[in-house]
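Undergrad: So that we are looking at the same thing, I have put the structure below in structure tokens.
The values are calculated or read from the model by the stated rules, or taken from the named source; none is laboratory data. On a predicted model such as this, the values are computed, not experimentally measured, just so you know. Positions of Cβ are backbone-derived with ideal geometry, glycine not excepted, and every protein chain shown enters the neighbour counts.
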Amino acid sequence: MKKMKTAAAIVLAVMMLMGAAGCDEVSDAANSIVTEATEDEMVKGVKNASPEAYPDITYDEAFRSFFSYPSWRHFVGTRNGPDDDGDGQPDYVEENVDVVEFTGNCIYSDTQVKALIQFEIDDDMFSPVFCSFNKVPQNRLMMNGLIMKAFETASEQKTRENGGDNDQPEETGEYPEPNEPPAFEEGEVVDCDINGHINTHGGTVPGYKTSYVVDGGKRATVRKKLGNGWHINAVRYCYAKDIVWYELYDADDGDYYGWVDSDYIDFDE
């Protein structure tokens, strides 16, 4: 009953606005009323928070300055745990994980894309855990770079509005620009030695052959389905096809997995 009364109040408020102004003028006001009436506390908690690097700018301010058509929502989902026993299945599944999701349009590689950023909520804390462009998953460097770029844009805008300096934080160089590859050449292969595990985000992920990733050949796989939580050792990485790839072996028995998109790998701290 309370939900019905709330909806009726929203409709009445919109009708009153339409009577007091033209239809073109009422659209933004009506959307604002609906947003305020339906937005929950978890969404508000993320929107009103600020990172340490930009304590005077909220996520809401930063994202509104950088993205067009910004939208927020909260939902409850599930999250797989690691596969510590090596049976190819997650050892547990966390139910009822709270996620706050943001969507908005931005320019990527001279093309407008719809960006999606998800924040996982844990008690009073939250952290960004997933990013995609037009439903294509991005790696963690891209996600962090995109978020920081939004705050940089908002900070520059505030500086212009104030007509002076805004105590901008120093550039750390920790994250690349969201539209730029990492600091090595396309197709360049770099040695590494990093342990971690596969994170399939709820499905499976293929491991591709060197001929496809590095040499630009036809699409071919070493393994068509790598399971969530599998322990891996990355021995080389490469930037190709707008993706950062890692060449993986099984960390437990040494099986070769091929090249995997870095967005599906969680490395150990």
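Undergrad: When you check Thr210 against the structure, is it farther than 30 Å from Glu94 by Cβ and either of a type in the set (S, T, N, Q) or touching a residue at least 60 places away in the same chain (Cβ under 8 Å) (or both), yes or no? If you could, list the steps in order and put the result at the bottom.
TA: Details: farther than 30 Å from Glu94 by Cβ: yes; either of a type in the set (S, T, N, Q) or touching a residue at least 60 places away in the same chain (Cβ under 8 Å) (or both): yes.
Here the answer is yes, as Thr210 does meet what is asked.
Undergrad: Identify, by number, the condition in (1) at pLDDT 85 or above; (2) crowded, with 19+ Cβ neighbours inside 10 Å that Ile243 doesn't meet.
TA: It is condition (1) that Ile243 fails.
Undergrad: Looking at the stretch 250-259, is at least one residue surrounded by 15 or more Cβ atoms within 10 Å (Cβ to Cβ), touching a Ser or Thr at 6+ places or on another chain (Cβ under 8 Å), over 18 Å from Val136 (Cα atoms) and acidic (Asp, Glu)?
TA: Within the stretch 250-259, the subset surrounded by 15 or more Cβ atoms within 10 Å (Cβ to Cβ) is 250-251, 257-259.
Next, only the ones that are touching a Ser or Thr at 6+ places or on another chain (Cβ under 8 Å) stay: 258-259.
Okay, now just the ones that are also over 18 Å from Val136 (Cα atoms), so 258.
Imposing the further condition that a residue be acidic (Asp, Glu) reduces the set to none.
Among the residues of the stretch 250-259, not one is surrounded by 15 or more Cβ atoms within 10 Å (Cβ to Cβ), touching a Ser or Thr at 6+ places or on another chain (Cβ under 8 Å), over 18 Å from Val136 (Cα atoms) and acidic (Asp, Glu), which makes the answer no.
Undergrad: Residues Gly207, Gly203, Gly254: which one is under 23 Å from the mean Cα position of the chain (by Cα) and in a loop (DSSP other than H, G, I, E, B)?
TA: Details: Gly207 fails: in a loop (DSSP other than H, G, I, E, B); Gly254 fails: under 23 Å from the mean Cα position of the chain (by Cα).
Every option except Gly203 fails the conditions.
Undergrad: Something else: For the stretch 200-214, give me each residue that is within 15 Å of Arg236 (Cα to Cα) and of a type in the set (A, V, I, L, M).
TA: Of everything in the stretch 200-214, those that are within 15 Å of Arg236 (Cα to Cα) and of a type in the set (A, V, I, L, M) turn out to be Val213, Val214.
Undergrad: If you don't mind, another one. Name the pairs whose Cβ atoms lie under 9 Å apart, with the first residue in the stretch 111-136 and closer than 14 Å to Glu101 by Cβ, the second surrounded by fewer than 11 Cβ atoms within 10 Å (Cβ to Cβ) and of a type in the set (Ser, Thr, Tyr), and 6 or more positions between them or separate chains?
TA: Every condition considered, the pairs that remain are Lys114/Tyr69; Phe119/Ser127; Glu120/Ser127; Ile121/Ser127.
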